[in-house]
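Undergrad: This is the structure, below, for whatever I ask next.
Here, each number is a calculation from the coordinates, and none is a lab measurement. Bear in mind the structure is a predicted one, so any value in this text is a computation, not a measurement. Virtual Cβ from ideal backbone geometry, glycine too; neighbours counted across all protein chains shown.
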Amino acid sequence: MNEWISTIENGLSYNGSTLHMLINYFLIAISVLPYCIESVRRTKHRAWVLALCIVSLVQVLLWFLLGVVGVSVIWCAMTGYLLIDFKRRGLKPARKNGMMLFSILMGVGGIFYYFITFPMLTTVAHVVALLIGAGLFLLLVKKEKYRLS
C-alpha cells in the first residue's frame, strides 16, 4: 500500500519540486477556466468535464505504468481540446474567445518552456497529449450538437 501512496505523492508533487507544481497546477487551472466560466453561464457544452476526467485517468495510469511524475498530460490535453474548440467557434463572440485564446497561449507557452528546459522526450509527450486532447474534442463533441450559449 505504501508504494501506491508514494507513487501518487510523487506524481502529484513532481517529487517535491515547488516550481513545477506551481507551473503545472496553474496551467491546469488556466486550461479549464474558460469552461468553468461558461458553466456558470449555463452553457450546454459540458463534454470538457468528461475529457478532463479521461486525461486525468490517463495521467494517473502513466504514474503507475511508466513511473512518470507530474500532471502535464492534463493541461496539455486540455490545451489541445481548447485549440479545436477555439477553431470551431471562429472569431466570434470575441468576449468568450479571449479567455480561450489566453488559455491556449499559456498552454503553448508551457510546452515551449519545457521544450527549452527539459529533454526532447518531455516535448514529445506534451505534443502527444495535445493531440489526445484535440482528438477527445472531436470524439466527444458532435458537430451538430455543438452550441454556444
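Undergrad: With the cut-off at 1.5 for a/c, could you classify the chain from its C-alpha gyration tensor as rounded, prolate or oblate? Please report the intermediate quantities before stating the final value.
TA: Values: a/c = 2.05, a/b = 1.71, b/c = 1.20.
Cα axes put the chain in the prolate bin.
Undergrad: With a sphere of radius 15 Å drawn around the Cβ of Val60, what net charge do the other residues whose Cβ falls strictly inside it have (Lys, Arg +1; Asp, Glu -1)? The partial results should precede the final answer.
TA: Working: positive: none; negative: Glu3, Glu9.
With Lys, Arg at +1 and Asp, Glu at -1, the net is -2.
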